[in-house]
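I have placed the structure first, in the form of C-alpha cells, so that the comments after it can refer back to it.
Here, each number is a calculation from the coordinates, and none is a lab measurement. This one's a predicted model, so the numbers in the text were calculated from it and none came from an experiment. Please note: Cβ atoms are built from the backbone with ideal geometry, for glycine as well, and neighbour counts cover all protein chains shown.
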Amino acid sequence: MKGKAFAEWLGVAIPMVQAPMAGVQDSQLALAVSRAGGLGSIPCGMLSKNDIVTEIERFKAASDKPFNLNFFCHQELPFDAERHAQWRQQLSGYFERFDIDESTFGNKASRLPFSDEIADAIAPYSPSVVSFHFGLPDESLLAKVKGWGAKVFSSATTVEEAIWLEQNGCDAVILQGVEAGGHRGMFLTADLSTQLPIFELLQAVSTRVSLPLIAAGGIATREDVVRAFDLGASAVQIGTAFLLCDEAKTSALHRQALKSAKANHTEITNIFSGRPARGIVNGAMSGLGSVREDAPYFPYASIEMGPLRAAAEKRGSDEFTPLWSGMNNGHCKETSAADITHALMGIHD
C-alpha cells in the first residue's frame, strides 16, 4: 500500500502519523497535526479513564477528523518489595541529598495496561485507530476494539515482532528503529543487541510482512521521509521533531536540554521506568549507568525516580528528568506543528 493509498485508507490527507508521546503532549498536538493533514495521536498510557475521555472530547469538539489513541499493553507484574529495597540502597545517597523520606513512596504503578474498563470508556467515541506498545492486548480485548471498526496498529522492533503482529490481528505495523526516542516497543525480546536502525529494519521486514509498514525512529528531514517511502514504508511516524513545537507540552527543562550541546548524546536507559527507552543523557544516567539489571520492573521504577525528579526540578535541575528524545534531534524547531508537518511531507503553501 503506497503512501497516498495508505492516507486514503486512514481517511487523512498525508501518510504521516504523529507519534504519541506521553508526558510531553496532549490533544492539542494531535489536533494540530490532524489539521495539517496527518493522523494525530493521543497518548493514553499515563492517563486515567476519565482523563482519556476528556482528551477525546476535546479533540472531537474541535475536529471531525480521524485520530489515534495509543495504549500500553504490558503484562502487569506484582510489586517486588525485595527488589525495591535493594534499589533504594543504591539510591540512598540521592535520597539523603534531597531530604526524601522513603516511607512515603507506596507501591502503585504509574502506567496501567489497556483494559476492559478503558475499552468500555472509549467505545462510544469510535476511534479510527487504536495503537499499542509492547505487543497486543489479549484476544477478547482486541476483538472488542476491532468490533468498533477501529484499525489496530502496534510497534515492532524486530522482524520477529513484525511477523507476530501480522499473525495476531494487527492492521499495520509501526517499525521502531533503534534511533527512536522514548520507550522501545520490545515485547518478544529484552535483548537490546537485536535493535536495528530504521532503514535496515524496514528493508528486513518489507520482504517478510505484507501489512502496511509505518517507519519510525530518526526520521527528521524531508530526505529521511523520501528514503523511508523508497524502501517500502506506507507512512512515517514522527515524534522527536515535534518536541519543541508550539503545541507540545514539553517542559522548560526538557526544551533547554534539547537546545543544548548535550542533546547530541542520547542513550537507551531503563532506570526511569524499568523498560528500555531512549533519552538525552543526564545526571542520573551518568551516575547510575543507563542500563541496570537491578532496576525495578516496569513501570514501578518511577516510584523512586518520581520523587527524585520532583526534588531536582524544584532546584532547576534535570538530573532525574527523563529527557526522552530520538538520536536525530538536531532538526527540532520552535515553530508550529503544521509547519513541521508540511516541511517533512514536502508540502509548500
* Asked: So if R0 is 25 Å, what FRET efficiency would D339 and A62 give, r being the distance between their Cβ atoms, rounded to the nearest 0.05?
  -> 0.85
* **Residues R315 and S206, FRET efficiency given R0 of 45 Å [Cβ-Cβ distance, rounded to 0.05]** => 0.40
* Structure fact -> Magnitude of the Cβ-charge dipole (Lys and Arg +1, Asp and Glu -1) of the stretch 1-77 about the Cα centre, nearest 20 debye, reported as 300
* Treating the beta-carbon of each Lys and Arg as +1 and of each Asp and Glu as -1, no other charges, what is the dipole magnitude of the chain about its Cα centre, to the nearest 20 debye? -> 600
* Past 27 Å, Cα to Cα, is the threshold; run K151/K262; K4/K65; K4/K259; K262/K333 against it and keep the listed order. => K151/K262; K4/K259
* Reachable aspartates and glutamates, given that their alpha-carbon falls under 12 Å from the alpha-carbon of K49 and they are not under 8 places away in the same chain -> D116, E117, D120
* So for the pair A81, K4, with labels modelled 7 Å out along Cα→Cβ, what separation do we get in nm? -> 6.4
* Structure fact -> For E102 and L188, extending 7 Å from Cα along the Cα-Cβ vector and measuring point to point gives, in nm, a value of 4.0
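Hey, got the dipole for the stretch 256-349? About the Cα centre, +1 on K and R Cβ, -1 on D and E Cβ, debye to the nearest 20? Kindly include the intermediate steps, with their values, before the conclusion.
Numbers: 9 positive and 10 negative charges, 24 e Å.
Charge dipole, the stretch 256-349, about its Cα centre: 120 debye, nearest 20.
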* Percent antiparallel among DSSP beta bridges with both residues in the chain, to the nearest 5? -> 20
* Computed over the chain: relative contact order in percent, which uses C-alpha pairs under 8 Å that are six or more apart -> 19
* To do: Return one number: the angle in degrees, 0 to 90 and rounded to the nearest 10, between the long axis of the Cα atoms of helix 49-62 and the longest principal axis of the Cα atoms of the chain.
  => 40
* Approximate spin-label separation R35-Y125, in nm, with each point projected 7 Å along Cα-to-Cβ -> 1.9
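When ranked by the protection proxy of mean other Cβ atoms within 10 Å per residue, highest first, what sequence do the peptides 24-37, 55-68 form? Mind dumping the intermediate values first?
Numbers: 24-37: 23.3, 55-68: 17.4.
The peptides rank, most packed first, as 24-37, 55-68.
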* Asked: In deg cm²/dmol, rounded to 500, what helix-only [θ] at 222 nm does the chain give when every DSSP H run of at least 4 residues adds -39500 (n - 2.57) and the total is split over its residues?
  -> -10500 deg cm²/dmol
